[in-house]
4 protein chains.
Amino acid sequence: MPHLKDVAPQLAQQAIELPSWAFGNSGTRFKVFGSAGTARDPFEKIADAAQVHRYTGLAPVVALHIPWDTVESFADLRKHAEDLGVQLGTVNSNTFQDDDYKLGALTHTDATIRRKAIDHHLECIDVMDATGSRDLKIWLAEGSNYPGQADLRGRQDRLAESLATIYERIGENQRLVLEYKFFEPAFYHTDVPDWGTSYAQVSALGERAVVCLDTGHHAPGTNIEFIVMQLLRLGKLGSFDFNSRFYADDDLIVGAADPFQLFRILFEVVRGGGYGNPDVAFMLDQCHNIEQKIPGQIRSVLNVQEMTARALLVDTEALTAAQESGDVLGANAIFMDAFYTDVRPGLAEWRESRGLPADPMKAYAASGYQQQIETDRVGGAQASWGA
Amino acid sequence: MPHLKDVAPQLAQQAIELPSWAFGNSGTRFKVFGSAGTARDPFEKIADAAQVHRYTGLAPVVALHIPWDTVESFADLRKHAEDLGVQLGTVNSNTFQDDDYKLGALTHTDATIRRKAIDHHLECIDVMDATGSRDLKIWLAEGSNYPGQADLRGRQDRLAESLATIYERIGENQRLVLEYKFFEPAFYHTDVPDWGTSYAQVSALGERAVVCLDTGHHAPGTNIEFIVMQLLRLGKLGSFDFNSRFYADDDLIVGAADPFQLFRILFEVVRGGGYGNPDVAFMLDQCHNIEQKIPGQIRSVLNVQEMTARALLVDTEALTAAQESGDVLGANAIFMDAFYTDVRPGLAEWRESRGLPADPMKAYAASGYQQQIETDRVGGAQASWGA
Amino acid sequence: MPHLKDVAPQLAQQAIELPSWAFGNSGTRFKVFGSAGTARDPFEKIADAAQVHRYTGLAPVVALHIPWDTVESFADLRKHAEDLGVQLGTVNSNTFQDDDYKLGALTHTDATIRRKAIDHHLECIDVMDATGSRDLKIWLAEGSNYPGQADLRGRQDRLAESLATIYERIGENQRLVLEYKFFEPAFYHTDVPDWGTSYAQVSALGERAVVCLDTGHHAPGTNIEFIVMQLLRLGKLGSFDFNSRFYADDDLIVGAADPFQLFRILFEVVRGGGYGNPDVAFMLDQCHNIEQKIPGQIRSVLNVQEMTARALLVDTEALTAAQESGDVLGANAIFMDAFYTDVRPGLAEWRESRGLPADPMKAYAASGYQQQIETDRVGGAQASWGA
Amino acid sequence: MPHLKDVAPQLAQQAIELPSWAFGNSGTRFKVFGSAGTARDPFEKIADAAQVHRYTGLAPVVALHIPWDTVESFADLRKHAEDLGVQLGTVNSNTFQDDDYKLGALTHTDATIRRKAIDHHLECIDVMDATGSRDLKIWLAEGSNYPGQADLRGRQDRLAESLATIYERIGENQRLVLEYKFFEPAFYHTDVPDWGTSYAQVSALGERAVVCLDTGHHAPGTNIEFIVMQLLRLGKLGSFDFNSRFYADDDLIVGAADPFQLFRILFEVVRGGGYGNPDVAFMLDQCHNIEQKIPGQIRSVLNVQEMTARALLVDTEALTAAQESGDVLGANAIFMDAFYTDVRPGLAEWRESRGLPADPMKAYAASGYQQQIETDRVGGAQASWGA
């Protein structure tokens, strides 16, 4: 098995995008708990995100959500980010919080509403132009709750049309990234429920349209790493939304529910050439309901890093030999050997060698930043999914 | 197979309790869509609920949720209800919307918070005394999101203690009803996740403690009618929360997702002596996100009635004979025969014979009530889960 | 809503293919129960299958499984079938019961074993040429049980290669039909686990390669009718394997577990132009473990017919109007109206008008065929999955 | 966090029972692959099981399955086992492979068949008396495939009666252990589908009746460690059947699918006083389909040991403090710290200090035993589930 130092150069390639909305409040339909110090505007969210990067060196980019992150001057926001050592990244559209979109947006039967939803995406591309973002990420919250309520086929056709209109406006160096989700907020059907649908839709658009895989958006029991493999093989894996789940789309800390699954996913990323590949963006989509926000994100990016290190440690030569000789137990043992290796001490050293704190969680806690924001951010409305 | 008229006397026994909160707004964590005419206070909610009963004759009771339905005078609310031909029913407690309860209420490690949650339940019993309600329904939104976050065993023991304290205060003619739920809003564990836990907890309390089965609160693939059978057999099925689900706790119209499952459940209710039995309360727990509220409830109670009729139509003598002779296909055919029977024309007749409209949905639509409330209820804050 | 007679011409188009293996014994890993009268060879299986068609008029074709149905002369088998009023249909290959295939067949790392598996398929095409069959159906039982055991990506690439070699030999009027399955017999990954993978693989082959959707082969909660819609939209739905399931791949009588789901699937078939369309083959893949085999198949084809009738009864004009006006409850009601309609009396009449028995189950029971085969088929080995 | 040596005394208490049937062939309904050297009778199975203990020191007991392990003299079998350094353990009954049991055994409507099934259990108790076994384990393969096929309630009542008759014969130092299983081989309902049912049934019997928890027998998403906690709390956790699963009851190597889940389960065992407690038996129920049998069992017991070590390493004092202070991230971190610790080097040392090989897998491979049995065991019928 390789040693951690053997894979150090590869570790240095890792960059994980943070979602701005992780620094506002979020919760469940039953309650959104607030917490002291929560950011009140996009500038404060980016300041918080920059803390994650400061202590981990892993999170140099922050994804925006429009209109939650709408500001008067995106140039100012961009400068603010760059001053703090991070960049603005993926722009996420939102067509699920306007009364007009109650029964659909890009798929709506009413052409006026579809146009409104398309125009929103064109404005998002304007934002991308201003922020220098490459990716427009579309998560469709659309679907229906009752059998018969909607014409599944008509909606799919309208979706194709709407996406084509948006895609026309995507710049040469930009991409349209289409996320799929099994269910929620729609409960009978969602218009892009699985990777197959997203793949079919983006394939019809063209080369700059790709799929986003959110690790929490699958049916129970789905072998997610298989999908990773397949999308890489088909050249259509554009980005990840990492988080973890026990049941539905729980949006928990990455790796919290099933660390071994995270390992298997990252192994397939490496196997399929998706690591250190600018075409495959690593993002988090984790939302904090009960834990502190900034350390929660730190934990997530560290978990991604630790599992990436383990995935890089797999002795692929020995693995291939065992696989080819039909040695079931042997191949599994080689794979597990990397998973069970404790990479944490080695990563602490690696961090120090790069001027980062050995223990980012402790360093953040000791920094006083949390106390500072709890003291400073008094008054105003805390940011949340609704604003 | 019996004819519908043979079972008419049994149909007359049906009474389904409506949840007051169904008449306020509810939704998903992404968006709560409002709608014109939504009730703004408990009085208006009860007025709306009374409409459901008016057109169906099936829904003479309205369940309350405290504090959402807190009013200055419960005596006034009771009189208001009675004037409109309905009664106040089950009182539902709420220990999931106060910041203190972020990490637990009846199970919290902090005795002060536990006491606060217990006291809330004692106040609910005061409300019950004022409203004449029999049942205190406890749905525990408690649990944890991360492995290690909480001591599962300690919480279970504290739950037992807290429930015992509440139970002591339950009157001779009152009951404590403990609901279970697989997940949400907690994502790693919930403190009462399954019928077994609810059964073990209420068995330890005493005779007036029983289980509430919400049809949307189970793991995928769970055979719910088996649980109905088992709880009836054990004498601990206190009430139902009817709704339907495709994925998680979708809270859709009863029977909308799997009408055959609803039939099987109602068959076991009848089989086990739970029908026409005051000890087994039928309630809805359906929340309207995108459809109109009052007709949505009308549809749900009609669906329960139609499936009950089908369940009553099963030729149990022939069924038993087929089961005992090992005739697999024959027994299944007898069972399906009742399910596939179209009871709707017979029920329309039955309704008319009782002075009710043949088609309650149409009658409500024609009544002008909806237009009236949309005109009248202008200003004020629409009721919702948060108020 | 249309009347049943309005859709009678469409009903006459229905033809459902029966699996020969349904007339041999099958079971679970725990026990294969035998039953008196079970067919002992392909000729007897076809005789039994012909009974299903005789009493229903719905099942004029019998699918073969090679090598289970290998006979000395397929010309003789074909004549035997035609004499009994049925035709030989889809040929199913088998690469899961030879020791060589323990770790894979078309995906195996060993080129010799891959070649053996490819050659088996070429022999199947020879059988098709002899029987006049159009479709070669490939269900891949391949996959792995343990993470690391196999190289997911390498297997996918080898699969593509193997399929391409087989596809080359497919005749101008023949098709390669690729089935997908979520899990079993492999437990960690299967090589074609979902429609997306099957779609990607057949798309790479060409026009005469299509997807087979087995209704029991999906993750819990999957919206199957959505997949039906999507594959029809993409022009790649080649055939159905109908059966039903509560948990895994239970292979129960069609419609037994969730009749409403069967209705929704058939509605999408009709909606998407898949009904009365020779490019979309209806097959059963139901296996009898505890019930009588011939009446079990009769029940299944009747269930498909009854649900097809209901699907055809949907008032699509009114439905479209309700959908377009955003009338959620109204659209759902129109849809459910067809589902709740009891089509059985009308279908009995329709059958009689075509010289078929009003009640095929009863007619078969009265025919004495079952008693005859139980008396005649003494000695010899009953057919089963292993032979 | 404690060091591995701190927990060494506790590690010495570990004893895991092996299933005799793991040393015969098993498989899926599609194929049972044989393998060279497979045991042909109970004596050979026990010889193979003894190998697992020889190299790990963890598996001193072998569970029997009747009638698969029926021998002329159980005294001889017992002596054979003791000569090889192992003991005979739990006796498992079998009421699922006789034609009489096709529709039920202990729950059958026919009293004669129920009596036959009861008598089989009484014979199993005779075997226990001869072998010195303490536990009679009952896994009920009973249930139904179709709604209506069976009277769920009647079966439950008959089950209670049958179990009571068996329980009467259970000796003072013996126990009746009732396993539950979500589904399979029955597909609509199983008579003991969940822990609640098993708990209710054994509670009605008496103190010497307890529950067996098979880690593969739950609905998707079930929090198994919660059930462990609850059954320990209620004093009814009698034994474990360890194995792992991705989808259904896959019977894979323990910890192969979700090592973190295994850790959480073992943590609750320790937390609830179930470790080092003779009342809670650790067994494997893992069946080898494609991998070598003896090393497969070695891997499983080692996985249990490694996870037990990690569970013992949790700093429970710090954990409690974090839990009580509401430090969500802190408590989770303490918990994960133990999980991520690589205990393998320490366990290798610990093994050597006790005269065991540092690497049991390698030691077995080097021993020549496998080659020996492959050479010696020629002719005869390999043992399997059917014999």
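The values are calculated or read from the model by the stated rules, or taken from the named source; none is laboratory data. Note that the structure is a prediction, hence the values are computed from the model and not measured. Glycine also receives a Cβ, built like all others from the backbone with ideal geometry; neighbour counts cover every protein chain displayed. Surface accessibility is based on the protein's heavy atoms, side chains included, excluding ligands, DNA and RNA. Shrake-Rupley method; radii C 1.70, N 1.55, O 1.52, S 1.80 Å.
Here are the numbers:
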read-out: Estimated dipole of the protein assembly as shown in Debye, rounded to 20 [Cβ of Lys and Arg +1, of Asp and Glu -1, Cα centre]; value: 0
read-out: Summed side-chain charge close to A:Asp191 - residues other than A:Asp191 whose Cβ falls under 15 Å, Lys, Arg +1, Asp, Glu -1; value: -2
read-out: Mean separation of Cα contacts under 8 Å (6+ apart) over length of region B:1-157, as relative contact order %; value: 19
read-out: Normalised contact order of region D:146-202, rounded percent, pairs of Cα under 8 Å and 6 or more residues apart; value: 32
read-out: Minimum 10 Å² accessible area buried by the other protein chains, region A:209-229 residues, probe 1.4 Å, relative to alone; value: A:Ala219, A:Pro220, A:Gly221, A:Thr222, A:Asn223, A:Glu225, A:Phe226, A:Met229
read-out: Shielding score for B:27-36, defined as the mean number of other chain Cβ atoms within 10 Å; value: 6
read-out: Separation between Cα centres of region D:339-387 and region C:204-245, rounded to whole Å; value: 45
read-out: CD proxy at 222 nm, helix term only [per DSSP H run n ≥ 4: -39500 (n - 2.57); per residue of the protein assembly as shown; nearest 500]; value: -14000 deg cm²/dmol
read-out: Solvent-accessible area buried by C and A, counting both chains, probe 1.4 angstrom, square angstrom; value: 4100
read-out: Residue-count net charge about A:Ala63 - beta-carbon cut-off 10 Å; Lys, Arg +1, Asp, Glu -1; value: -4
read-out: At least 27 Å along the helix axis (C-alpha) and Kyte average at least -0.5, DSSP helices within chain C; value: C:111-131, C:293-313
read-out: Whole-angstrom gap from region A:13-70 to region B:62-81, using each part's C-alpha centre; value: 42
read-out: Size of electric dipole in chain D: Cβ of Lys, Arg +1 and of Asp, Glu -1, about Cα centre, debye, nearest 20; value: 220
read-out: Average accessible area per residue (Å²) across region D:173-249 - probe 1.4 Å, nucleic acids and ligands excluded; value: 20
read-out: Leading residue at positive end of dipole, chain C (Cβ point charges), from C:Pro193, C:Phe339, C:Gln174; value: C:Phe339
read-out: Contact order relative to length of region C:305-387, as percent, for alpha carbon pairs under 8 angstrom and 6 or more apart; value: 23
read-out: Carbon + sulfur, % of accessible area of chain A - ligands and nucleic acids excluded, 1.4 Å; value: 48
read-out: Computed magnitude of the charge dipole of region D:88-145 (debye, nearest 20; Cβ of K, R +1, Cβ of D, E -1); value: 160
read-out: Inter-probe distance in nm under a simple model that places probes 7 Å from Cα toward Cβ, at A:His3 and C:Ser325; value: 7.6
read-out: Dipole axis of region B:106-160 (+1 Lys, Arg; -1 Asp, Glu on Cβ), positive-most option in B:Tyr146, B:Ile118, B:Ala130; value: B:Tyr146
read-out: Over 18 Å (Cα to Cα) - which of A:Lys5/A:Lys362; A:Lys137/A:Lys181; A:Lys293/B:Lys102 fall in this group; value: A:Lys5/A:Lys362
read-out: At least 40 Å² of accessible area lost relative to the chain alone, listed for region D:317-335 with a 1.4 Å probe; value: D:Gln323, D:Val328, D:Leu329, D:Asn332
read-out: Region D:156-185-region C:102-157 distance, computed between alpha-carbon centres (Å); value: 45
